[in-house]
Amino acid sequence: TNYLFGDGSMLGPYPVMGPLVEWVNQNGKAFVVGRVDNGVFYNLHAFGYWISLHLVEDAADANGPGGSAWATFVTPYFGSSPHSVVVDDVQGTVSGGAESGGVTFIAPFISGLEWPANPIAGQDPYGLIIEATATGDISIVGGRFSGLAKYCVWYKEGATLNLSVTNTQYLEWVTACLKLEGTVAIGEGMASFVGCRFLDTTPPVFLISG
């Protein structure tokens, strides 16, 4: 069943309908993860949120020091979200420093669905967004990006995060599979893609600027 908004526009195969679902799709965050040290998350599932997973940097407070995530996500499903995974910051493997590890995704499914009739005017779907503030390390192993994301991966100019993607499949994208901005490959950050499959050859795979 394709459920509808009040104005009749298509939402998608949701089990519920109405203003709450519309708000969740335009504002909701399923998981927000800040400072965690060597955490493991199994089988997270999010569907239809504005952001499925938001990796943020916590401020220091009375509960402890601030910081970002050092964690492993095992077989997560982040589906049908305009912004599936957004990275503000994560920990990195800094030898001798306070941060000792980054974030690893093992066999994730990441989908940034473009609705048949997109109810969010002017908002395009993305799979993994590396924000300009991002530092640290992210590794994706054995994953799959699917669902008509405008960019499966968008690495924004200014980020200095090390991104490693291994044995991952990319299916269906609108504008470019991988948008790499700025000095991602030659500056402080590094992006590597090993053993990946790109299965939609009409739009470009890489869109590199700067």
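The values are calculated or read from the model by the stated rules, or taken from the named source; none is laboratory data. Only a predicted model underlies this, so the values are computations on that prediction, with no experimental measurement involved. A quick note on method: Cβ atoms are made from the backbone with ideal geometry, for glycine too, and the neighbour counts reach across all protein chains shown. What goes into the accessible areas is simple: the full protein's heavy atoms, side chains included, and nothing from ligands, DNA or RNA. Shrake-Rupley method; radii C 1.70, N 1.55, O 1.52, S 1.80 Å.
Of note:
- Qualifying positions in the stretch 64-89 - more than 10 Å from Arg35 (Cα to Cα), open to solvent by 10 Å² or more (accessible area, probe 1.4 Å) and out of contact with any Ser or Thr (no Cβ under 7 Å at 6 or more places or on another chain): Val74, Thr75, Tyr77, His83
- In this structure, Val21 qualifies as modelled with pLDDT under 80, surrounded by 17 or more Cβ atoms within 10 Å (Cβ to Cβ) and of a type in the set (Val, Ile, Thr).
- Of all residues in the stretch 116-146, those being open to solvent by 10 Å² or more (accessible area, probe 1.4 Å), at pLDDT below 85 and either in contact with a Leu (Cβ under 9 Å, 6 or more places away or on another chain) or assigned to a strand (DSSP E or B) (or both) number 4.
- Any hit, the stretch 2-18, residues being open to solvent by 30 Å² or more (accessible area, probe 1.4 Å) and modelled with pLDDT of 90 or more: no
- Cβ pairs under 8 Å, 6+ apart, first in the stretch 49-63 and open to solvent by 80 Å² or more (accessible area, probe 1.4 Å), second among the β-branched types (Val, Ile, Thr) and not in a strand (DSSP E or B): Glu57/Thr133
- Qualifying positions in the stretch 29-48 - surrounded by 19 or more Cβ atoms within 10 Å (Cβ to Cβ) and under 12 Å from Val86 (Cα atoms): Ala30, Val33
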